[in-house]
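What follows is a short report on a single structure.
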Amino acid sequence: MKALSHERATSRLQRASRLTDPLALLTGVLFTVVLLLARRHPHGLDFARPSPWLCLTTALGLVLLLLAGLSVIRRLARRRLWLASTWVSVVLLAGTGLVWYGTVADTSDALTRGSRVADDRQSDAYLSRHPPAPRVPTGVFIQALRFTGAYDVEVSGYVWQRYGKSLPNDLERGIVFPEADESYEPEKVYEIHRDGEQVIGWYFHVTLRQVFDYRTYPLDEQNVWLRMWHPDFAQRVVLVPDWAGYPPWRPHAAYGLDSGFVPGNWAVKATAFSYDVPPYSASFGQERRFRTQTYPELYFNMHMAREFVSPLFGRIIPLTFIAVLVFASLFVTTKNTTRFPLSGFDGLTVVEFAAAILLVLTVDHNTARSETGSHGIAYVDYLYFCLYFMIIAVVWNSLLLSRGPRIGVVEWRDNLAPKLLYWPVLALVVFAVTATTFLL
C-alpha cells in the first residue's frame, strides 16, 4: 500500500512538473526581456532611489529566473549538481550586477546642497520666501578639481560678479568662500564698466574641507560644492546665479566647467546652482536678528561619480582570483588514500595556505581603506569580510575532513557538498551585502 501511494505521489509530481517547468522557464525569459527594456528607460532601474515595488519585482524575477534554470537542469542526466550550483551562483551574481547597474542612476537631485534652481524664475520664487535684500549676480567657471584626501578637495577657477546701478555705491566688492582654508586669496583679474554696470572677475585657488559619504565605495558618488558669501555683512547682500553668463540651463548638463577639465578618477555628471539656509549659533557680532532672520547662501554644486574601471582592476578582479584560489584548495584535501599522495595536502597544509592568503588579503584590504581614508565601513570592506568568512569556512572544512569526527555532509562523496556550496554561498552573501548596502 505504501509503495502504491509513493508511486501515485511520484506520478502527480511528474505531471505537475510538465506544467510548472515551462511556466518557470517562460517567466524567467520574460523577466530577462523586461530588464532589457527597462534598461532603456532613464529611471527604469533606479536603485539609487528604490521603491518597494521595484525591489519586490526584482527579487521575484530573480527567484523565477532561478527556478527556470533549475527546472531545465533537473531534466539532465549528468552533472546536474554542478550545473545547479553554477546556475544558482550565476543568478545571484547577476542580481548583484543588477543592483550595481541600478545605483548609477542620476542622484544629483539628492546630493545637491539645499534647494536646486535652474533659471531666474526659480531663483525669484525661492528668494521671495525670504527677507528682501540687495542681489548681486554671480557666476562660476571651474578649471581644475582634485581630491587631496578623504575630505579635502582643491578647486581653482574664476568667479565674476555684476554690480548694477540699483546697488548702493558704497557696497563692498568681493567674494568669500567660507569653507576654504588659509590658502584662499582671490586675485582680481579684470574689471569692466559697461552701460553703468560694473563686472569684476577674480581668480581663485582654494582647498575645501567637506564631508563625503564613502559607504558605497567603489560605486560612490559625491557632491563637491562651492559655498559663496558676499563680504558686506551689514547690508546682507544675497548672491544670485548670473544666468546670462551660461547657456539655457539643463538639469543634467555640466555647465561652468572648462572644456579641458580633468577630474582624475571621477566623472562630472552634472552641475547646479542651489540655495541653502544653514542654521547659525552665533550672531557674528551683528544684531540679534542675524540669528533669526536668515538669508539664503548660494552654492555651486558639482555632482561627481567615481570611475569604476580603476576599482574594478584594482580591487574586484584580485578579490575574484583569491576566491578562485580558495575554492581550488577544496580539491586538494581528501580522505581517499589513493589520491592523497598525489595532492600532498592535508588539513594543516590548508591552514598554512589560508594564512598566506589572509596575509595578502589583509594588506590589500588596508590599501583599499587608505584610498578613501574614511573611518566608517564601506561597501568594499564587506566584500573582504565575505572572503574572510569563506577562508575560515574552507579551513574548518579541511580540518573536519582530515582530523575531525566523521560527519555525513563532509564525508559524502569525498567532500562534494562543500565544493557544490562554495560559490552559491559566496554569491548569496555578496548579494545580501549588496542589497543591504544600496537598497536599505
Percent relative contact order for the range 175-234, counting Cα pairs under 8 Å at least six residues apart, stands at 41
Using modelled backbone amide H atoms (1.01 Å from N, in-plane), which distant-in-sequence or interchain residues come within less than 5 Å of Ala118's amide H?
Ser123
Skipping prolines and chain starts, which residues have an amide H placed within reach, meaning under 5 Å, of the one on Asp220, given they are 5 or more residues away or on another chain?
Arg306
Stick to the Cα atoms of the range 105-261, pair each with every other, and give me the Kirkwood hydrodynamic radius in Å at one decimal.
17.2
Sorted by average packing, counted as other Cβ atoms within 10 angstrom per residue and highest first, what order do 199-205, 321-327, 246-252 take?
199-205, 321-327, 246-252
Excluding Val176 itself, calculate the net charge of residues whose Cβ lies under 11 Å from the Cβ of Val176, where each Lys or Arg counts +1 and each Asp or Glu counts -1.
-3
May I ask for the distance between the Cα centers of the range 118-195 and the range 203-245, given as a whole number of Å?
10
Reciprocal of mean inverse Cα separation for the range 224-263 (Kirkwood radius, Å):
13.1
Using per-residue counts of other Cβ atoms within 10 Å, averaged over each peptide, order 394-401, 256-263, 225-232 from highest down.
394-401, 225-232, 256-263
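Values quoted throughout were computed directly from the atomic coordinates according to the rules given, and no laboratory measurement underlies them. Predicted, not measured: the structure shown is a model, and the values here were computed from it. We place every Cβ from the backbone using ideal geometry, glycine too, and count neighbours over all the protein chains shown.
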